[in-house]
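Read the structure below first, then the notes.
Every number in this text was worked out from the coordinates using simple rules, so none of it is lab data. Computed from a prediction, not measured in an experiment: that's the story for all the values here. We place every Cβ from the backbone using ideal geometry, glycine too, and count neighbours over all the protein chains shown.
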Amino acid sequence: MKAFGLVFVLFFACTGLSVSFAEEPDSLRKDSLQCVDGAPIASVKFQGLEHTKSHVVERELAHKAGGVFSHETFLSEKRRLEDLDLFTEISVTCEKTSDTLTFNLTYHFKEIFRWIPSPDSKTTDRDGLMLGLALANLNMFGEDIRAEVHYRTAVDPFFEKNEYAIYASSPYFLGIPLGWNIDFTRTDSWDNIRNFKDASWLLSLDVNWKMIPHFSVLGKLVYRYLEGGPGVLPEFGLGAAVDFRDSELDSRKGIYFESAVTHVGVGGSRGENYVEFLEDARAYYTFGRFVTGATALVRLRPGDVKNYDYFYHGGTNSFRGLEKPDEEHLGVHEMLLNLEERFVLLERRSASLWGVNFFYGIQLVAGFDGSVLWDNGAPGWENYEGAVYGGLHIVIPALDRIRFEVGYSPDKGEPKFTWGITGKTTTQRWRSR
């Protein structure tokens, strides 16, 4: 899981130490009464792009010179620009040209910090809390390329579970809407859930080619090496996704559906050889400040699956009715169901800490988790567990959100407190390793 020390930045922000806060953001600036629907646009300009190249912004815009202004279109543009995770403030102004019949449209930006040398933190269902150091750049070369270097160790006990990682990603490649993510990870720890020594090297490439609006072709190539075990475990997969969400990071309305097939392993006496069929469905609807989300993740793995690739459930990234996974919550196949209600207590707003620009928001959440794990055939009720949960999410840059939640499962009989970073729809996909 990708994470770094924004938790610490957020702490100082919330305590109010040397922090300046902007007013709640308005889509149109106060002096922009001329930005009315139907206003003819003579030119489009940008202000505040100190580190970001203009074409990074231009490819997200629908407004063009020669067109007309639409407030609804700008709100859609703003959501896409916020998804870049590069800006704390985005607004627009309109100024009459000399002929007084057309307007110059100007987008105003306040950029987020780029370089982050910081303490590092991460929480996983398997290793619990991990601490370390990280260096990240959120906008390399001004091209919306994100790169991170991490070292982390588990705290219970210290230095017995270690992880070294390098990540790089971008939604474009050479101007083409071909999103890519490279992950290089070295893990050296004992997996006390699946009972094996996880001394492994992982190099993966994920691509997302947006062929047409709302439709993507997905691809994956993975080289994984497990020391003292099966050795090389290659993976390759293909898939497709349909995405009608208004935003990827903080979805308020729309649907997302992904279907993918991945082949893992090469067989042999110590290796494994199976095919994974993945279905990931999400739907969101907003009424006022209430955001309803329903999600389902299903992964079926026919073939020869070994213990080091068993799924596990329990914790903030899978099933919040169980504080930590254990040997009783392992399976070859899985289904994770979720129904969540969010109340937007504080909409996203910008702030500055010692000259570092960032944003934050606060959401209250309550929901239901369903967990199904099984090994063979079709699952039955004995494979199902359910839980309710509630908590608080703090929306921040780079990490998406920090989640503080308490889950309760009737089967366990007592509340379980968990915390995590990034949205669960993302972290539940990372859990297998």
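Tabulated results
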quantity	calculated
Computed [θ] at 222 nm, helices only, for the chain once each DSSP H run of length n ≥ 4 contributes -39500 (n - 2.57)	-2500 deg cm²/dmol
Relative contact order [Cα under 8 Å, 6+ residues apart], the chain, whole percent	12 percent
HIS71, HIS393 arranged by Cβ crowding within 10 Å, fewest neighbours leading	HIS71, HIS393
Dipole of region 162-295, positive direction: furthest Cα of ALA168, ALA281, PRO234, with charges on the beta-carbon	ALA281
Pairs beyond 32 Å (Cα-Cα), from LYS306/LYS416; LYS78/LYS324; LYS220/LYS424	LYS78/LYS324
ARG245 long-range amide H proximity, modeled H, under 5 Å	ILE255
Given charges at Cβ of Lys, Arg, Asp, Glu: the chain dipole, positive-most of PRO325, TYR408, ILE41	ILE41
Area projected by the alpha carbon convex hull of region 181-292, averaged over all directions, nm²	9.1 nm²
Which of ASP120, ASP156 has the fewest Cβ neighbours within 10 Å, and the rest in rising order	ASP156, ASP120
